[in-house]
Amino acid sequence: MVSFGLDTTYSSLHPVLKGDNPDNSFSEVPYEKGFQTLTYLESLVGATQFREFLRYYINANFLTSITTVELRHTWEQWVEENYSAVDTNRILGASNWEDWIFKSTLDPSNSLDFSTPEGADAQALANAYIALGGKSSPANY
């Protein structure tokens with residue numbers, strides 16, 4: 001997203017071509033930002049409930065072409081069917097679709113943390129190898 005620039009729609013999930021060649025908008029953005037969007041939605045309801053939503057979504061949309069409009073509609077319908085009125089308003093209010101789909105930001109919620117213990121271990125191991133300058137391996141490796 002940074003290589004496109006955060007001031008262009010090509011860094012959003014809804015690129016606006018305005019006569020530009022569509023090939024100029026192809027990138028990893030839809031995959032990465034799409035992943036972040038789904039992870040954010042999962043954070044609103046929890047992993048178990050989100051798996052239930054995915055089952056619902058697939059059953060509601062199999063064998064059809066869909067857009068973010070259908071994704072949002074299915075999400076809102078599922079939330080309304082599975083949560084109290086108060087929880088529905090809280091979840092749907094926090095879903096923040098406009099930012100996730102249309103804004104050219106890395107993480108509109110500024111709340112996602114993709115760090116894991118395994119990632120930290122891998123980073124520490126890489127730093128240990130770099131510190132040794134290729135002359136040997138870190139202890140236990």
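The values are calculated or read from the model by the stated rules, or taken from the named source; none is laboratory data. Predicted, not measured: the structure shown is a model, and the values here were computed from it. Here Cβ is always computed from backbone atoms with ideal geometry, including for glycine, and neighbour counts include all displayed protein chains.
Examine the range 7-26 for a residue that is in a loop (DSSP other than H, G, I, E, B), more than 15 Å from K103 (Cα to Cα), of a type in the set (D, E) and within 17 Å of the chain's Cα centre (by Cα), and state whether such a residue exists.
no
Return yes or no: is W75 in the same structural domain as E28 (by TED's automatic domain parsing), modelled with pLDDT of 95 or more and under 29 Å from S25 (Cα atoms)?
In short, yes.
Being exposed (fewer than 11 other Cβ atoms within 10 Å of the Cβ) and either modelled with pLDDT under 85 or more than 12 Å from the chain's Cα centre (by Cα) (or both), is that true of even one residue in the range 105-112? Can you show your working first?
First, pick out the residues of the range 105-112 that are exposed (fewer than 11 other Cβ atoms within 10 Å of the Cβ): 110-111.
Of the ones still in play, those that are also either modelled with pLDDT under 85 or more than 12 Å from the chain's Cα centre (by Cα) (or both) are 110-111.
Within the range 105-112, one or more residues are exposed (fewer than 11 other Cβ atoms within 10 Å of the Cβ) and either modelled with pLDDT under 85 or more than 12 Å from the chain's Cα centre (by Cα) (or both).
Test Y57 against the criterion of being surrounded by 15 or more Cβ atoms within 10 Å (Cβ to Cβ) and either in contact with a helix residue (DSSP H, G or I) (Cβ under 8 Å, 6 or more places away or on another chain) or modelled with pLDDT under 95 (or both), and give yes or no.
Judged against the criteria, Y57 is a match.
Wholly within the range 35-117, which helices (runs of 4 or more DSSP H) include no fewer than the required count, namely at least 2 residues that are in contact with a Phe, Trp or Tyr (Cβ under 8 Å, 6 or more places away or on another chain)?
On the way: elements: 47-61, 68-82, 85-95, 97-102.
Of the helices (runs of 4 or more DSSP H) lying wholly inside the range 35-117, those with at least 2 residues that are in contact with a Phe, Trp or Tyr (Cβ under 8 Å, 6 or more places away or on another chain) span 47-61, 68-82, 85-95.
Hey, among T48, T67, which residue is of a type outside the set (A, V, I, L, M), loosely packed, with under 14 Cβ neighbours inside 10 Å and closer than 19 Å to D99 by Cβ?
Sole residue among the options that is of a type outside the set (A, V, I, L, M), loosely packed, with under 14 Cβ neighbours inside 10 Å and closer than 19 Å to D99 by Cβ: T67.
So S115 ticks every box in (1) out of contact with any helix residue (DSSP H, G or I) (no Cβ under 8 Å at 6 or more places or on another chain); (2) closer than 27 Å to Y10 by Cα; (3) assigned by TED's automatic domain parsing to the domain that holds Y31 but one. Which box is left unticked?
Checking S115 against (1) out of contact with any helix residue (DSSP H, G or I) (no Cβ under 8 Å at 6 or more places or on another chain); (2) closer than 27 Å to Y10 by Cα; (3) assigned by TED's automatic domain parsing to the domain that holds Y31, the one that fails is (3).
Does at least one position in the range 6-14 carry a residue that is acidic (D, E) and at pLDDT 85 or above?
no
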